[in-house]
Structures are given as C-alpha cells and as structure tokens.
Amino acid sequence: LDAALTASRLKQEVRSILRARRLGVRAPVVTRVDVGRSLIIMERIEGKTMKDAFLAGEMSADRKHEVAQELGRMLATLHDGDLIHGDLTTSNVMIEETNGRVVLIDFGLSQISNLSEDKAVDLYVMERSFNSAHPLEGGQLVESLLASYKRSSRKWCSTMNRLADVRMRGRKRSMVG
C-alpha cells in the first residue's frame, strides 16, 4: 500500500510539473523518472528561494514587487489551467541567479481542480507565507501579487470572492486556537 501511494504521488508531481510547463509557467525540466526508486531527476535551478532572496537585503523594494507581480501572473496561469500548487510558500519559489526569472518548484502537494475554493486556499497559503516570512513588507507584496493575478486571470472574480471567505475562516480559527 505504501509503495502504491508513493508511486501515485510521484506520478502526480511529475504530471503537475509537466502541466505547469505546458501552460507556460516556469518550472524545472524533468529529465528522468524512476518510479521504482521514487526518484525524479530534474533541472537544477541555480539561484535562491524567494524567501532567502528577499531576506538577503540585496533586492530593491521595486524588484521585490516585480517578482511578486510575476508570481501573480504565474499563479493566474496555473489556476486558469485548473492546476493547484498545494504548497505555495516563498520557499517554493526560486529566483534564478543568472537572469532573475521566477521558477515554481515542489509540486508534491499539487492537484487538478476547477474549484474556486481550492484556488483561493492556494492564494491564502501564499499570503500567509508572505506575511510570516516578510512581516514588514508582506502585505504590500501580497497586494502586488493579487493585483497582478486579477489582471492576468480570466477566472479571478470567483477565486477572489472565495479568498475573502477563506481569510475569514482563517481568522476565526486563529482566534479560537
């Protein structure tokens, strides 16, 4: 059972990476998959995670907003293609060293879904990640990301309405817990 579950998750991750790339979202190139050994061989992304790049203090505020806007466009493309990342944190976004491009990594919790609820939860997880890892500027960066998402997505309205609901549930949980 464990081997079957592991194989299924591995295949789903590879399918999601390939789907993201077909949609035009930058993700690592998969070069080999060995289901028997639970192994995915993929392109190495030279650079830093968004979290590390932002915290290093080497990036201007304007550049951080450009990165957030690029990420918003990428997420809109993913969601319009009904791909949910499932673990959107600033640690699962890379900024390439050579050209500064944004690359999404770690599709291990991804899924296919056309539900606005799932897309809103994806955005909420990213919002929480920004605010916890970058408390001084996270709110402004999330605003840039969401504005870019709205401009880029054909289906943004239902997702943003659901995001408001998800935020309210999150606030209620944090008040109770």
Hey, could you check the stretch 115-145 for residues that are charged (D, E, K, R) and closer than 18 Å to residue 169 by Cα and say which is nearest to the chain's Cα centre (by Cα)? 122
Out of the stretch 18-43, which residues are under 17 Å from residue 91 (Cα atoms) and either assigned to a helix (DSSP H, G or I) or not aliphatic (A, V, I, L, M) (or both)? 26, 28
Let me spell it out: the conditions are (1) touching a helix residue (DSSP H, G or I) at 6+ places or on another chain (Cβ under 8 Å); (2) in contact (Cβ under 8 Å) with a residue 40 or more places away in the chain; (3) closer than 18 Å to residue 144 by Cα, and residue 132 meets all of them except one. Which number is the exception? (2)
Based on what the data block shows, is residue 15 without any contact (Cβ under 8 Å) to a residue 12 or more places away in the chain and under 25 Å from residue 82 (Cα atoms)? yes
When restricted to 5, 10, the only residue within 30 Å of residue 163 (Cα to Cα) and either open to solvent by less than 60 Å² (accessible area, probe 1.4 Å) or not in a loop (DSSP other than H, G, I, E, B) (or both) is 10
Being surrounded by fewer than 19 Cβ atoms within 10 Å (Cβ to Cβ) and of a type in the set (Asp, Glu) is the filter; apply it to the stretch 126-177 and report the residue that is modelled with the lowest pLDDT. 137
Any chance you could count how many residues in the stretch 120-160 are assigned to a helix (DSSP H, G or I) and closer than 17 Å to residue 84 by Cα? 20
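The values are calculated or read from the model by the stated rules, or taken from the named source; none is laboratory data. For clarity, every value in this text was computed on a predicted model and none was experimentally measured. Glycine gets a Cβ as well: all are built from the backbone with ideal geometry, and neighbour counts include every protein chain shown. When the accessible area is computed, the model is the full protein with side chains, heavy atoms only, and any ligands, DNA or RNA have been set aside. Shrake-Rupley method; radii C 1.70, N 1.55, O 1.52, S 1.80 Å.
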